[in-house]
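The next block holds one structure in the form of structure tokens; read it before the comments.
Nothing in this text is a laboratory measurement; each read-out follows from the coordinates by a stated rule. What you see is a predicted model, and the numbers here were worked out from it, not measured in a lab. Ideal geometry is used to build each Cβ from the backbone, glycine not excepted, and the neighbour counts take in all protein chains shown.
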Amino acid sequence: VEEYLDNIRQTEPGIRAMLHIREEEALEEAREMDRQGPDNEKPLWGVPMTIKDVICTRGTPTTCGSRILENFTPGYDATLVQRLRQAGAIILGKTNMDEFAMGSSTENSALQTTSNPWDLSRVPGGSSGGSAASMAAGQSLGSIGTDTGGSIRQPASFCGVVGMKPTYGRVSRYGLVAFGSSLDQAGPMTLSVPDSAAVLNVISGHDPLDSTSSSAPVPDYLDALEKRKDLHGLRIGLPRQYWEEKMSPEVDSACKKVLETIREAGARTVPVDLPHVQHGVAAYYIIAMAEASSNLARYDGVRYGYRDQEARELLDMYRRTRSRALGEEVQRRIMIGTYVLSAGYYDAYYKKAAQIRRLIHRDFMQAFEDCDLLCSPVVPSTAFRLGENVDDPLQMYLTDIFTTSLNLAGLPGISIPAGLGHETGLPVGIQFMGPAFGEELLLQAAGILE
Ligand code: GLN
């Protein structure tokens, strides 16, 4: 813990990945654990970790990267945090993020800007950019991010770390501040695939406090890694719609190299079709914004956080509070989300997006009849420059083309490093996608290729 706190002190001035550091508390917890001695029942005993600031931590601020929650400290732990603590993990701090997890570069954080440790003039990705940057900078041994449309996998790809988005329902969402409730899922961001498995072992499983958490039994993911040593007999599907998409030459060649390794490891690669994923980004942004507009109604200046003090009456107080303390992107999404749900437009937008979602789900189901896993790039480019996309929300949304459909379908995916791009020298990621609750196979394949 001392060593990692030291790393944080040294790297933070350049990276700015952390919103809150639990220096004293973490040291005290570590000392207490030292006094009691190692505990074999606790699989993460003494492991220093960080948590994205959208996840509630008892007694430690949880801001969601927003002014409106700048002074909010939860009175309870999210279920996954409770499980990590019970497993012996020590939480060093909370990581920066796009405000309410809305973004792809962490530049939408209202509190600070995080840099990519590989090149400080570039973004770490988002929205879990603080978690990815903190891992890449050696600030902890594991972090928890959340992925609504790619926010674990995309920053993992930009920062050269491993990011796993579990099946919807695998990890409890209790205590995770909601963005798009039907899409949100928390998962591990780590330096290796076995670490990802070890963390997933701890945070997975049914939770009576989250009615959408699954009661499917939790296998031992670390055991699963032991069981497979090559890819013989596996069919890896390559979705044509993804591989034929425009992407930078360095992403294309780094990912194609991985395909060769996949074949050398004994798997067959087969072309598959996901005919409706071309509509994935559009459907995702309608559904995510619709759900966000409803979820964020609770920030009214009454229940939590910031309240405007100058207003004379209630409506004025709502208006001033929300206009002042919610950022531009968040306000844009609340407006669009409200619009697509409003009478007269519901059928044209929300309902259509829900229908497309169903078709995308069916595409994946059909693809998994012909293959065991799917494989594609994570993002069409390596990390872009700070400021490059901030004035163009549409351009920013389009970086999500390979990630959002998986959330619409509720399926698991993992992003692992695929080497460095030959043009920029920056990390490239490749993702594997699996059928529902196929995390074991995902981790096995990722572990072999790592
Ligand atoms: N970049 C996507 C968005 O802005 C995904 C965010 C996420 O997964 N939280 O909505």
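Annotations
- Positive end of the dipole of the range 282-347 (Cβ unit charges, origin at the Cα centre): among A288, L326, L341, the Cα lying farthest that way belongs to L326.
- The range 1-155: equivalent-ellipsoid semi-axes (sqrt of 5 x gyration tensor eigenvalues, Cα, Å): 25, 17, 14
- Rounded to 0.05, the FRET efficiency of the A282 and E226 pair, given R0 = 41 Å and the Cβ-Cβ distance, is 0.45.
- For the range 282-347, relative contact order (Cα pairs under 8 Å, six or more residues apart, normalised by length) works out to 45 percent.
- Each peptide in 12-20, 76-84 was scored by the mean count of other Cβ atoms within 10 Å over its residues; highest first, the order is 76-84, 12-20.
- When each of the peptides 28-38, 417-427 is scored by how many other beta carbons lie within 10 Å of its residues on average, the order from highest to lowest is 417-427, 28-38.
- Computed over the chain, relative contact order equals 18 percent, with contacts defined as Cα pairs under 8 Å that lie 6+ residues apart.
- The gain in end-to-end length when the V270 to R31 segment is fully stretched comes to 80.8 nm, 0.36 nm per residue minus the alpha carbon separation.
- Normalised by residue number, the volume inside the convex hull of the Cα atoms of the range 282-347 is 87 Å³ per residue.
- Hull volume in cubic angstrom per residue (convex hull over the Cα atoms of the range 97-244): 145
- For the cross-link pairs K94/K165; K165/K227; K52/K256; K52/K165, the ones whose C-alpha atoms lie over 24 Å apart are K52/K256.
- Hull volume in cubic angstrom per residue (convex hull over the Cα atoms of the chain): 138
- In terms of its Cα atoms, the range 124-204 spans 31, 25, 17 Å along the principal axes, sorted from long to short.
- Between K256, K94, K246, the GNM of the chain built on Cα springs shorter than 10 angstrom shows K246 fluctuating the most.
- Taking a point 7 Å from the Cα of W45 along the Cα-to-Cβ direction, the residues of the range 200-243 with backbone N closer than 17 Å to it are 202.
- The loop-placed trypsin sites (Lys or Arg not before Pro) in the range 260-334, going by DSSP, that have at most 12 neighbouring Cβ atoms within 10 Å of their Cβ come out as R303, R312.
- Estimated translational diffusion coefficient (Stokes-Einstein, Kirkwood radius over Cα pairs, 10 °C, 1.306 mPa s) of the range 271-402: 91 µm² per second.
- Highest to lowest packing among 112-120, 334-342, scored as the average C-beta count within 10 Å: 112-120, 334-342
- Here the gap between S121 and T212, fully extended at 0.36 nm per residue and compared with their Cα-Cα distance, gives a gain of 28.8 nm.
- Subtracting the Cα-Cα distance of D6 and Q366 from 0.36 nm times their residue separation leaves 124.6 nm of extension gain.
- Whole-Hz ³J(HN,Hα) from phi, Karplus 6.51 cos²θ - 1.76 cosθ + 1.60, for the range 190-200, glycine and proline x: 9, 8, 8, 5, x, 5, 4, 5, 5, 6, 4
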